[in-house]
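Asker: If you scroll down you'll find the structure; I have some questions about it.
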Amino acid sequence: MPKTNDDALDAFIAAKNDIDVMLARLVAHSADHFGYSPEEVSWGHVGTLDHYRARLREITDMAFCEGEHAA
C-alpha cells in the first residue's frame, strides 16, 4: 500500500525533530566546552573537535549547496 503525503509529512517532521534535538545537544555541549576544562585540553581534544567540525561542514555544505556540493 503506497504511503500518502500525510505519511511523508509525518516522517519529515519526525526527522526534523530528531535533528533539532541533536542540534540542541551539540549547542549545549559546545557551551560546556565539550566537557573539557582549559587545563585538560590536549591535541587529542583538538583532533576530536576537528573531526566534529569536518562532519558538520559536510552536512552544512550539503544543506546549503556549498563546498564540494556547490552547483
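The values are calculated or read from the model by the stated rules, or taken from the named source; none is laboratory data. These numbers were taken from a predicted model, which means no experiment stands behind them. Note that each Cβ is placed from the backbone with ideal geometry, even for glycine, and that neighbours are counted across all protein chains shown.
Asker: Going by the conditions given, is Glu66 free of Cβ contacts under 8 Å to residues at least 24 places away in the same chain and touching a helix residue (DSSP H, G or I) at 6+ places or on another chain (Cβ under 9 Å)?
Answerer: Yes; evaluated as a whole, the condition is true for this residue.
Asker: Turning to a different aspect of this structure: Take the residues of segment 41-71 that are at pLDDT below 95 and either loosely packed, with under 10 Cβ neighbours inside 10 Å or touching a Cys at 6+ places or on another chain (Cβ under 8 Å) (or both): which is farthest from Met22 (Cα to Cα)?
Answerer: Filtering segment 41-71 for residues that are at pLDDT below 95 and either loosely packed, with under 10 Cβ neighbours inside 10 Å or touching a Cys at 6+ places or on another chain (Cβ under 8 Å) (or both), the one farthest from Met22 (Cα to Cα) comes out as Ala71.
Asker: Going through Asp61, Asp50 one at a time, which residue ends up being assigned to a helix (DSSP H, G or I) and either of a type in the set (Val, Ile, Thr) or touching a helix residue (DSSP H, G or I) at 6+ places or on another chain (Cβ under 6 Å) (or both)?
Answerer: Every option except Asp61 fails the conditions.
Asker: Another question, if that's okay. Only one residue in Ala11, Ala15, Ala28, Ala24 is loosely packed, with under 10 Cβ neighbours inside 10 Å, hydrophobic (A, V, I, L, M, F, W, C) and in a helix (DSSP H, G or I), so which one is that?
Answerer: Ala28
Asker: I've got another one for you. Mind checking which residues of segment 1-31 are under 17 Å from the mean Cα position of the chain (by Cα) and not hydrophobic (A, V, I, L, M, F, W, C)?
Answerer: Of everything in segment 1-31, those that are under 17 Å from the mean Cα position of the chain (by Cα) and not hydrophobic (A, V, I, L, M, F, W, C) turn out to be Lys16, Asn17, Asp18, Asp20, Arg25, His29, Ser30.
Asker: Need pairs with beta-carbon distance below 9 Å; first residue under 15 Å from Arg55 (Cα atoms) and modelled with pLDDT of 95 or more and within segment 13-27, second hydroxyl-bearing (Ser, Thr, Tyr) and surrounded by 10 or more Cβ atoms within 10 Å (Cβ to Cβ); sequence gap 6+ or separate chains.
Answerer: Listed by first residue and then by second, the contacts come to Leu26/Tyr52.
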